[in-house]
Every structure is written in C-alpha cells, then in structure tokens.
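Some notes on the structure that comes next.
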Amino acid sequence: MDDGLAAIIVTLMLVPQSLAYAMLAGLPPQSGLYASILPLLAYALLGSSNTLAVGPVAILSLMTAAATAQFTALGYGDPVTLAMTLALLSGAFLALAGALRLGFIADFISHPVMIGFISASGVLIALGQAKHLLGLSLSGQNLLEIIPPLLVGLGDAHRETMAIGLGTLASLLALRRYSASVLLALGAPKRLAAVMARAAPVLVVIVTTLICAHLDLAQRGVRIVGSIEAAIPTIALPDVSITIWIDLVGASALIALVGFVESVAVAGTLARRRGQQVSANQELTGLGAANIAAGLSGGYPVTGGFARSAVNFDAGARTPAAGAFTALGILGAVFTLTPALYYLPQATLAATIIMAVLSLVDVSAFSTSWTHHRRDFWAMAGTALATLLIGVEVGIILGLVISVGFYLRRTSRPVLEELNFGHQAGRLSASSNSAWKASSQVRLVSIADDLYFANACHVETKLTELAAASTNLSDLVLAFSAGIELDMTSIEMLERLDGTLGAIGIELHLSGVSPELLQTLNAVGFINSLSGQVFSDTNAAYRSLTAPLEDPAAAI
C-alpha cells in the first residue's frame, strides 16, 4: 500500500521533471520519459536502496548536453543517439566497477570538491535556463559563453514568455516556502504536508499549461513542449560509428563517476534515516544496469536524484517495488498524460529546473571552509572556478586531480608522534625537531598510516633526524597502528633505517605488528636481520627495554 501510494506521487512529479531535464540535456521530451521507465525497473531489481528513485537529474543532464554538443555541431550524430551511447558506456563502466568491487572509488572525490562542482554546475544550469525563461535563443557551456549574449539579449526578451517564466518562478518560491506550513495549519498530517510541498511543481505545471492553452499563447510566440511521442520505448543499440564510441569514453567515465557519487550520497542519507545501509558495490551494479537500460531504450544517463528520492521516502516507500510501480506509472503517463502537456510552456519547465538547482548551490560551505578549513576552501573554489569558466568536464577533472593530490599529500606526510611515556605526545615535524631533548635512552614513535612508496622516504628522514638529534639513545621503537600495511619499498626503507641506526649504536624495535604483517616480514627475511625485537604492544616494549636501566621512566 505504501509503495503504491509513493509510486503515484513520484510519477506525478517525475513526468514534468523528466521533460524539463530532457530539455536541459538538449533532447526531445520523450527521452526524459524513456530514461525514467526501464532504468527504474533495472535498479529495482539490482540496486541496494529501498527508496532511491533513479532517473534524469540536473547535473547529468548538463554533462550530457556538454558531451554531445561538440559532435552534433560537427554533424557527427544526432543528440538522441549520442546520449544513448553515453548511457550505455556509463552503464558499462559502472557495471564493470561493480563486478570488480570498486565501490571505494567514491571516496576519491572529496566532499569539498563535490560541493564546488555541484554548486558551480547549479549556477551554470540556472543561467543556461534563463534563455527559456526570457524567450531568447542562446547557447553556451560556461559563464564566458552564456553571460555576454544573455546581457545583450535582455532587450529582446519576449514579454509573454517572461511573464510566464518569472511568474512560475515566483510561484514555486512561494510554494516551497509556505505550502507545508499552510497545509499543516489546515490540519493535514505532517508527512502528507511534506510530500505535497515537494510535489507542488505539479500544480504549477497544470495551471500554466491551462493558461497557455486557454489564451492560445503559442500563437503569440510562447514556446511550448508540443507533441510528445506516445510510444513504448523500443530496445535497440545506438547506430554510431566505432570512432564516436571511442570519443565518448572519457565523457561517459566522468558521467558514471559523478552519477555514482551523487547516488551513493542520496541513498546513504535516506537509508541512515531508517537505520539501514546501502552497499556501494551493489549500487554500482544497480546504476550500471539502469544506465544500460536507458541506453537501450532511447534514454540518456541516469542516477538517483535527491528531490524525487526524498518524495519517494516521505511518501512511505518501503521496498524497491515502489520504483517498479513508478516505472509502470510513467509508462502509462506516456499514453494518457502527455497529450495534455502539449501546451506546457518551456518557460515553466525552465523555472522548475532553476528551482531544483538553486538548492545545489551551497554558499555557506564556502564561507565556513574559508573561516575554518582553508585547504577545503581552495579545493572548492578551484573546482568551482574551473567549472564556471571552462566547463563541467574540465571542472570535474580538476576536482579529481585536487582530491587525489590532497590524498597523496596527506599520505605522503604521515603523522609521526613521539610517545614520551607519561609526558604529552608530540609530532615530528620540521618546526619541532629542535625541541626534542635527549631525555631517555628509549624513544618510541607511533605511526598511524600505512607505509608505502610515497611516504617511506619521508618517514626515514624524520626518524633519522630524531636519532641524530638525540644523545645517549640506545633503542628506538616504531609502533604501528592496528591493521597497518607495508609495501616492499617501505620494508626496504626499514632495512636501511635499521642499518643507519645500527651504525651509531641504536637498535630498532617494532611494536603492534599484526600476525599477517609479521608473516610477511618473516618471509622476506627482515625479522632475522632486525637489530632489535618485535613486541606485541608499546607497553611490552617499554617494560622490556627500560627494565635494565638504573633510572627508568614511569611506565605508561
């Protein structure tokens, strides 16, 4: 019962939303509907979320438009066929990643970078829809291409179109702000009020369509949706050359990555509200199947959208069956509702897109990061500026580079802390090396991160500097955190470090070595050549090494 009710509400919301996003992607309206039928069924079968509603979203629609624009401009294919190819390739990437259990790849785009990319994309989408809001014929993929012609064309704005567009935008703002509280005041249940408030754009679509039809505004220059093909989507591969398949690989990989990250974030947020979990690897499989279904049925790349998924959640969806029911509802709408949308103004769809993407622009995150996390701010700002000034593909690529760069910088400079046995721990850094005093014959340094080729040299340098700055030092204990791993480069580094310390009369000891790591170190012969001992933990190391001393420090 709950799944059926949720499906009805989401269907009513998805029909105009799918039309709007198809327009954003530069595709005919039926493409948006087709992208909301078979993909929903495929995800319902293979996805991990009970409430995620898969279909076209603003970000992927913008990326689809950007990826296909260069080919259509050169006459290398029609937008529908190219968009289908993008969906198939994106689905193939996602399905392959799911088979290889690569769900962790979502972690390689940091949250600040995603905020910068999504916020900038939201601005681009909103400005790009201004042409439909004002009745202008403009194009562009970044601010430098959009703003100048938009400013020049303001004087030629179509008055009736602008009245509908701005009126729709004002109505949507008012409904978003006041509809829930009004319904609550009228005695509506809280859940129903929340659902109806989210579905308010449907009311605006109905009203503006009736106005446009009654006043025959299409004859006065107002652009309308027009005829929507009422047909069951056919299953077929896109008819494009192998060259175009190859040329679209890069764009489809980026679309797959962004779609996966967005979907996992939405699914995880909703699942936590019910104490549930989603599987990142299963999400890859489910989204892969959904995109392949979209590519075979005349659609374009899809993912889990927050707005429709939130409506699905609030309406009471409990199982993936809600998605299957929604797909059937949209299929029915193709034959029953689309004729009634003939007079739907494009300005209304543009206004619904603008309202949807305004929530993507997170200004507060920029101000907060500037005050408290300056490195995160520069990651956000760099990604956002590249997206705004160059385009979405360059923006997300730069964001990936920034994310991986920050990760490599952090892991290449792991935190090394000296535990002073009763005194406050201190980090080994360039600014603090001179502060270390030779106060004990036994020194213990803790490392919390894995040792690998990118940070082995840094760790060796810091430990060698510590030993050189100490007098009377006889034993240096390197304490590993639980589960730490070493590659061959780091093992070779430890062998060199042991030799360097041994030359100046210092023994190197290890503590916290897991059974698996101990087995590896034994297999390569490191344990046999180690000058010191291997201890189970730091307490055992301290007690053993300080016991022979005449004035041992206080045990931990």
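The values are calculated or read from the model by the stated rules, or taken from the named source; none is laboratory data. Since the model is a prediction, treat every value here as computed from it, not as a measurement. Note that we place each Cβ from the backbone using ideal geometry, even for glycine, and neighbour counts take in every protein chain shown. Ligands, DNA and RNA are excluded from the accessible area calculation, which covers all protein heavy atoms including side chains. Shrake-Rupley method; radii C 1.70, N 1.55, O 1.52, S 1.80 Å.
For T546, work out the one condition from (1) under 47 Å from the mean Cα position of the chain (by Cα); (2) at pLDDT below 90; (3) open to solvent by less than 70 Å² (accessible area, probe 1.4 Å) it doesn't fulfil.
Condition not satisfied by T546: (1).
Please find, among F117, F93, the residue that is open to solvent by 20 Å² or more (accessible area, probe 1.4 Å), in contact (Cβ under 8 Å) with a residue 12 or more places away in the chain and not aliphatic (A, V, I, L, M).
F93
Would you check if there is a residue in segment 116-133 being more than 24 Å from L358 (Cβ to Cβ) and not hydrophobic (A, V, I, L, M, F, W, C)?
Scanning segment 116-133 turns up no residue that is more than 24 Å from L358 (Cβ to Cβ) and not hydrophobic (A, V, I, L, M, F, W, C).
In segment 122-150, which residues are farther than 13 Å from A66 by Cα and either part of a loop (DSSP other than H, G, I, E, B) or among the aromatic types (F, W, Y) (or both)?
Of everything in segment 122-150, those that are farther than 13 Å from A66 by Cα and either part of a loop (DSSP other than H, G, I, E, B) or among the aromatic types (F, W, Y) (or both) turn out to be G135, L136, S137, L138.
Within segment 63-82, how many residues are surrounded by fewer than 24 Cβ atoms within 10 Å (Cβ to Cβ) and within 23 Å of S263 (Cα to Cα)?
Result for segment 63-82: 2.
From T368, T383, which residue is buried (at least 23 other Cβ atoms within 10 Å of the Cβ), in a helix (DSSP H, G or I) and among the hydroxyl-bearing types (S, T, Y)?
Being buried (at least 23 other Cβ atoms within 10 Å of the Cβ), in a helix (DSSP H, G or I) and among the hydroxyl-bearing types (S, T, Y) holds for just one of T368, T383, which is T383.
Conditions (1) over 22 Å from A256 (Cβ atoms); (2) in contact with a Cys (Cβ under 8 Å, 6 or more places away or on another chain); (3) of a type in the set (F, W, Y); (4) open to solvent by less than 10 Å² (accessible area, probe 1.4 Å), marked per residue:
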{"residue": "T269", "(1), (2), (3), (4)": "no, no, no, no"}
{"residue": "T285", "(1), (2), (3), (4)": "no, no, no, no"}
{"residue": "Y343", "(1), (2), (3), (4)": "yes, yes, yes, no"}
{"residue": "A351", "(1), (2), (3), (4)": "yes, no, no, yes"}
{"residue": "S364", "(1), (2), (3), (4)": "yes, no, no, no"}
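Could you tell me which numbered condition H509 fails, if it satisfies all but one of (1) open to solvent by 50 Å² or more (accessible area, probe 1.4 Å); (2) within 23 Å of S412 (Cα to Cα)?
(1)
In segment 471-498, how many residues are in contact with a strand residue (DSSP E or B) (Cβ under 9 Å, 6 or more places away or on another chain) and over 21 Å from A454 (Cα atoms)?
Of the residues in segment 471-498, 5 are in contact with a strand residue (DSSP E or B) (Cβ under 9 Å, 6 or more places away or on another chain) and over 21 Å from A454 (Cα atoms).
Can you go through S403, S440 and tell me which one is closer than 22 Å to S544 by Cβ, surrounded by 13 or more Cβ atoms within 10 Å (Cβ to Cβ) and modelled with pLDDT under 85?
S440
For the subset of segment 461-476 comprising residues that are in a loop (DSSP other than H, G, I, E, B) and of a type outside the set (V, I, T), which member is most open to solvent (accessible area, probe 1.4 Å)?
N472
In segment 287-327, which residues are part of a loop (DSSP other than H, G, I, E, B), crowded, with 24+ Cβ neighbours inside 10 Å and modelled with pLDDT of 85 or more?
G298, G299, Y300, P301, V302
Please identify the pairs in which a residue from segment 307-320 that is closer than 17 Å to G47 by Cα has its Cβ atom under 7 Å from the Cβ atom of a residue that is at pLDDT below 75 and acidic (D, E), counting only partners at least 6 apart or on another chain.
Qualifying pairs under 7 Å: A317/D2; A317/D3; R318/D2; R318/D3; T319/D3.
When the residues of segment 176-210 are filtered to those that are of a type outside the set (A, V, I, L, M) and in contact with a Pro (Cβ under 7 Å, 6 or more places away or on another chain), which remaining residue is nearest to L341 (Cα to Cα)?
Among those residues, the one meeting the criterion is T208.
Kindly list, by first and then second residue, each pair from a residue in segment 398-415 that is under 12 Å from D449 (Cβ atoms) to a residue that is open to solvent by 40 Å² or more (accessible area, probe 1.4 Å) and of a type in the set (K, R), limited to pairs with Cβ atoms under 9 Å and residues at least 6 apart or on different chains.
V415/R427
Does any residue of segment 481-489 turn out to be under 18 Å from C457 (Cα atoms), buried (at least 16 other Cβ atoms within 10 Å of the Cβ) and modelled with pLDDT under 90?
yes
Please find, among S49, S119, the residue that is under 28 Å from A199 (Cβ atoms) and in a loop (DSSP other than H, G, I, E, B).
Answer to the selection: S49.
Scan segment 216-240 residue by residue and report those that are at pLDDT 90 or above, within 34 Å of the chain's Cα centre (by Cα) and surrounded by fewer than 15 Cβ atoms within 10 Å (Cβ to Cβ).
Scanning segment 216-240 gives I235, A236, L237.
Rundown of residues vs (1) of a type in the set (D, E, K, R); (2) modelled with pLDDT of 90 or more; (3) assigned to a helix (DSSP H, G or I), yes/no style:
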{"site": "M23", "(1), (2), (3)": "no, yes, yes"}
{"site": "L33", "(1), (2), (3)": "no, yes, yes"}
{"site": "S36", "(1), (2), (3)": "no, yes, no"}
{"site": "L62", "(1), (2), (3)": "no, yes, yes"}
{"site": "Y76", "(1), (2), (3)": "no, no, no"}
{"site": "R101", "(1), (2), (3)": "yes, yes, no"}
{"site": "M114", "(1), (2), (3)": "no, no, yes"}
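For L173, work out the one condition from (1) within 30 Å of A317 (Cβ to Cβ); (2) aliphatic (A, V, I, L, M); (3) touching a helix residue (DSSP H, G or I) at 6+ places or on another chain (Cβ under 6 Å) it doesn't fulfil.
(3)
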